[in-house]
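The values are calculated or read from the model by the stated rules, or taken from the named source; none is laboratory data. Nothing here was measured: the structure is a model prediction, and the numbers come from that model. Here the Cβ is made from the backbone with ideal geometry for all residues, glycine too, and neighbour counts use every protein chain on show.
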Amino acid sequence: MRFPGYLPSILFLGILAVSPAWLPAQNSGQNPGTGSSTTPPPQSSSDKPAPTEKLRRIILTGSVMMEDGSPPPAGAGIELDCGGRVNRAAMVGVNGSYSFELGNTRDSIGSTLPDASMRTADDIYDDVRMGDIDNPPTSFNTRQMTPAYQRLGACDLRAQLSGYQSTSVRIQMNSLTMVNHIGPLFLYPPGVIKGTAMSATTLLAPKKAKKSLEKAVKAFDAGKLAESETETKSAIQLYPEYAEAWAHLGFLYRKQQRNEEAREALKRAIAADEKYVNPYVQLAWVESREQKWPEAAELTEKALALDPIHLTDAHFLSALANHNLRNLELAENRAKQTVRLDTGHLFPRVHLILASIAAGRDDHNGAITEMRNYLQYAPEAPDAQSVREKLQEEERLAKSGTSNERQVE
């Protein structure tokens, strides 16, 4: 059996260009005010009472599984984490399923400290950033608005069971319909996550260094890359072991395709804090863009050894690197894990990896399914038309029963 000739060209030439333009546009509506006074002022005959805004009914359903796919033990629940305020949303049934209505969550049950399972300031390093949706839609019906509901644009959904760690799903408010089926949440035993999403060196950084890095992040968000670089270097000068500052500097260089400088900065970040997961993934992006697949594969394995649960981009890059190295079994496993974790479909090209592997084993139906998935999540991608043509070819092969090996020959 030979590897199909067409998919590598799709995969290798453009697979890293994950464009934010393919993602759904964010809601930019304003947040309705919630303040009120105890004694309302007198109204003139021309005054009209402000209309009461209502929430549309939104139901979320899904399932919770253990790592092996079995239902969780009794007592598992579902949490909504909205900016550190954690609310119990539902209990998990005996078969692992759950269902609840937004705006109907129970009392706050506390907050947690950030570790590698939580996305905090590291969001600025994401290769493709969805951003927070601070304002819900402004057309509602059926339910009175509550303060908790207003923050759901920035909430994470996860399972909760004492002694276990859960994957999480970011609730994207502008894409919710009346009934929403959420991808499965997975519970892992304690000790699986050994890395951290925030570097321990940050706790030791002087206040001036932290302030400089904060300014650097704000400058980056404003598109002022030169200013961001200056502030980041200032933070490093004040505290040379500042791993997060080195990681941000590497990120800036990577965005400007200054790969060698990015590589050196990210290596400094790793040397300063070996359990800090971010620089491993950032450096894997650098190596992947230069098609240094052995280096990319090694870096992603190190990252996933520190946190095998939450690093969706590390799983994607591992699938990509191992696919190019022809380690197809590992590539397929990493790609499937990417699909499982990537509830926002930030890495649609992972479906081309799976399509290529399926086509290589003459699994036409599998290849067709994955190419259709890719076109569903990236219909306007630069190579979408080429993929459509290959999809038609694969459909023809499926009907005729012709193998890709014979077709290539």
Legend entry - One residue from Glu274, Glu298 being at pLDDT 95 or above, within 25 Å of the chain's Cα centre (by Cα), outside any helix (DSSP H, G or I) and on the phi < 0 side of the Ramachandran plot: Glu274
Legend entry - Residues being in a loop (DSSP other than H, G, I, E, B) and in contact (Cβ under 8 Å) with a residue 24 or more places away in the chain - total across the range 190-207: 10
Legend entry - Within the range 293-316, considering residues that are in contact with a Phe, Trp or Tyr (Cβ under 6 Å, 6 or more places away or on another chain) and crowded, with 24+ Cβ neighbours inside 10 Å, the one farthest from Ala197 (Cα to Cα): Phe316
Inset, instruction - Hey, could you check the range 158-197 for residues that are among the aliphatic types (A, V, I, L, M) and touching a Gly at 6+ places or on another chain (Cβ under 8 Å) and say which is modelled with the lowest pLDDT? - result: Met173
Inset, instruction - Taking the options Thr201, Thr196, name whichever one is within 19 Å of the chain's Cα centre (by Cα), more than 30 Å from Asn95 (Cα to Cα) and polar (S, T, N, Q). - result: Thr196
Inset, instruction - Starting from the range 208-226, keep only residues that are within 17 Å of Ala247 (Cβ to Cβ), then list their pairs with residues that are at pLDDT below 95 and not in a loop (DSSP other than H, G, I, E, B) whose Cβ atoms are within a distance under 6 Å, requiring at least 6 positions of separation or different chains. - result: Val217/Ile124
Inset, instruction - Determine if the range 320-333 includes at least one residue that is surrounded by fewer than 23 Cβ atoms within 10 Å (Cβ to Cβ) and farther than 23 Å from Lys292 by Cβ. - result: no
Inset, instruction - Would you please name the residue that is modelled with the lowest pLDDT, looking only at residues in the range 64-111 that are surrounded by fewer than 12 Cβ atoms within 10 Å (Cβ to Cβ) and over 23 Å from the mean Cα position of the chain (by Cα)? - result: Gly110
Inset, instruction - Taking the options Ile357, Ile353, name whichever one is crowded, with 22+ Cβ neighbours inside 10 Å and under 25 Å from Gln282 (Cβ atoms). - result: Ile353
Inset, instruction - Could you check how many residues of the range 217-232 are buried (at least 16 other Cβ atoms within 10 Å of the Cβ) and either under 27 Å from Glu290 (Cα atoms) or of a type outside the set (A, V, I, L, M) (or both)? - result: 6
Inset, instruction - Just give me the residues in the range 384-399 being out of contact with any Leu (no Cβ under 9 Å at 6 or more places or on another chain) and either free of Cβ contacts under 8 Å to residues at least 60 places away in the same chain or among the acidic types (Asp, Glu) (or both), in sequence order. - result: Gln385, Glu389, Gln392, Glu393, Glu394, Glu395, Arg396, Leu397, Ala398, Lys399
Legend entry - Which numbered condition Glu380 fails, given (1) part of a loop (DSSP other than H, G, I, E, B); (2) within 23 Å of Ile193 (Cα to Cα); (3) not hydroxyl-bearing (Ser, Thr, Tyr): (2)
Legend entry - Qualifying positions in the range 335-346 - at pLDDT below 95 and not polar (S, T, N, Q): Lys336, Val339, Arg340, Leu341, Asp342, Gly344, His345, Leu346
